[in-house]
Amino acid sequence: MTQVAEALRAGQYDQRVGPRGQGEFRLLGATIDRLADELTNRITTLDEQRAQLGAMVAGLQEGVFAVDDEDRLVFHNRAAQRLLGLSDDLDGSIWQAIAVPEIAELCRTTRASGKPAAQEIRLQRGDTTYVLDARATSFETHGQRGVVAVLHDVTNLRRLELMRTEFVANVSHELKTPLTSIRGYVETLLGGAIHDDANNLRFLGKIDQQVERLTAMVSDVLSLARIEATEGGRNGKINDWRQVIADVVEGYEEAGKLQRHTCKVETGDAPVRVRGDAESMTQVLDNLLDNAIKYTPGDGTITVRAYNRDGFAVLEVEDTGIGISAADRERIFERFFRADRARSRDTGGTGLGLAIVKHLTQGFGGEVRVDSELGRGTRFAVWSPIPDGAPTNAG
Ligand code: ADP
C-alpha cells in the first residue's frame, strides 16, 4: 500500500493495490484504489480541457500572449506571432524583442494596478499599418503577477468606418449642389421672375435638370448600397454577354441615344458566358455605353464587343471620344470621382457609374480594365472567368 501511494505521488497513475489482506487493511487498500481511479479520471479530464483550450487559443484570430512578473514570455499563439513577430526562443524581457512601447506600457499599467486595461495601437509591419485593439488582464501565480494580452486586429474595421464616413460626407456634398441651385431658381421665380415671360420657362427647365440629377444620384447611391449588401451572397445564373448586348443596344437605338454616333456590335457565333444575373450585366453595359456616348463628341464611333480569351469572357466598350489621362485612369473607379467635373455635371453624371461597374464585375468574379489615350478614345474591358462547364472559344 505504501508503495502504491508513493507511486501515485510520483505521477504513476496506473498503480493499484488490488484485493489483498484482511479486514481493515483490505478496506484501506480498496479506498486507495478508488482514490487512484478518481485521480486518473480528473487528470484525464484536465488534460483534455487543457488540450481543447490550447487548440482554441492557438486558432484564435486574435493574438494572445502572456508574460510573467519579469516580462518573460510564457505563452503566445500564432496570431500574436504574426502580429508581433514573436519567436519561441525568446530570452529575457519580450520588450527587447518587440519594440512596441504602447503594448509594454499597457502591460506595465495593468500589472501595477491589477485592473484590466485597453488601448488602440498602431503598428507598422513592413508596408502595412495595423490598427490593434489591445486588452490586458493580470493574473497571479505563486504570489507573482503576470499579464495576459489579447490583440484584436481592427485594421479593416477602421478602414471601413473611415470609408463610410467619407461616403456620407461625399453624398451630402453632392446632393447639396443641385439643391442649392434649385433653391436659387425657385427664389428667383418667387421673387417675381415667374412673370418674366422671357426667362421663366428657362428657369423651370434648369430646375427640371437639377431634379433629374438628384434622381440619378439617389438611384446610383441606392444601387451601390444594394450591390454591396448582396456581395458574396450573389449566386448568379449563367448568362451570355451577346444577349445582353443585343437587348441594351436595341433599347438605346429605340430611345434615339445613338443618333449622333456610329455604333458597331462585334460578337461571334460562340456564347460569351458569365456567372452573373442579367440585371447586373445589363447595368454594367448600360453604364459603360452611357459613358462612351457622354464622353464622345458627335460623329464618333462606339464599338461593343464580346469574346472569349484565355479562359475569360470579355466585354469591351470602345469609343473615339475625349480619352482619360493616365493620372485620372487610376481614380475613375472611385466613388464620385470625375475627371472633368463641369462636363460630367452637364451630362448628368453622378461619378458613381464606374464604381458600380467595378462592384458588379467583382460579383462576376472578374475585373474591369481601361485603356485610353487623351483625345483619341477609351476602351473599357470587363474580364470574368468563364463559368465551369461553359465551352471556351478563343478569338
Ligand atoms: P460619371 O457619372 O461622371 O460619368 P463615372 O463613374 O461613370 O461617373 O465615370 C467617372 C469619370 O470617368 C467620368 O466623370 C469621366 O471623367 C471619366 N470617364 C468615364 N468613362 C469615360 C469615357 N468613355 N471616356 C472618357 N472619360 C470617361
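Remarks
- Members of Lys264/Lys358; Lys237/Lys264; Lys237/Lys257; Lys257/Lys294 lying beyond 22 Å, as alpha-carbon distances in this model show: Lys264/Lys358; Lys237/Lys264; Lys237/Lys257
- By the rule of a C-alpha distance below 20 Å, with chain neighbours fewer than 8 residues away ignored, the aspartates and glutamates paired with Lys206 are Glu174, Glu187, Asp196, Asp197, Asp346.
- A Förster radius of 51 Å combined with the Cβ-Cβ distance from Thr44 to Ala104 puts the calculated FRET efficiency at roughly 0.85.
- Extent along principal axes [Cα atoms of segment 140-283; Å; largest to smallest]: 94, 60, 20
- Longest segment of the chain lacking GluC sites (Glu not before Pro) that sit in a DSSP loop with at most 14 other Cβ atoms within 10 Å: 71-230
- Structural size metrics of segment 61-153, computed from C-alpha coordinates, are Rg and Dmax of 12.3, 42 Å.
- Dividing the C-alpha radius of gyration of segment 158-229 by 2.2 N^0.38 Å, with N its residue count, gives 1.49.
- Computed over segment 158-229: relative contact order in percent, which uses C-alpha pairs under 8 Å that are six or more apart: 32 percent
- When you restrict to C-alpha pairs under 8 Å that are six or more residues apart and normalise by the size of the chain, the relative contact order lands at 10 percent.
- Based on alpha-carbon atoms, the Kirkwood radius and the radius of gyration of segment 32-71 give Rg/Rh equal to 1.25.
- Cα-based Rg and Dmax for segment 200-337, where Dmax is the largest Cα-Cα distance (Å): 17.1, 59
- What the Kirkwood sum gives for the chain is a hydrodynamic radius of 27.9 Å, with every pair of different alpha carbons counted.
- Relative contact order (%) - segment 61-153, alpha-carbon pairs under 8 angstrom, separation at least six: 31 percent
- Residue order, fewest to most surrounding Cβ atoms within 10 angstrom, among Asp299, Asp69, Asp37: Asp299, Asp37, Asp69
- The Kirkwood hydrodynamic radius of segment 1-136, based on inverse pair distances between different Cα atoms, is 18.8 Å.
- Potential lengthening between Leu35 and Met1 on full extension [0.36 nm per residue; Cα-Cα distance subtracted]: 11.0 nm
FYI, it's all coordinate maths here, none of it is from the lab. Because the structure is predicted, anything quoted here is derived from the model rather than measured. Counting neighbours? That spans all protein chains shown, and the Cβs are built from the backbone with ideal geometry, glycine included.
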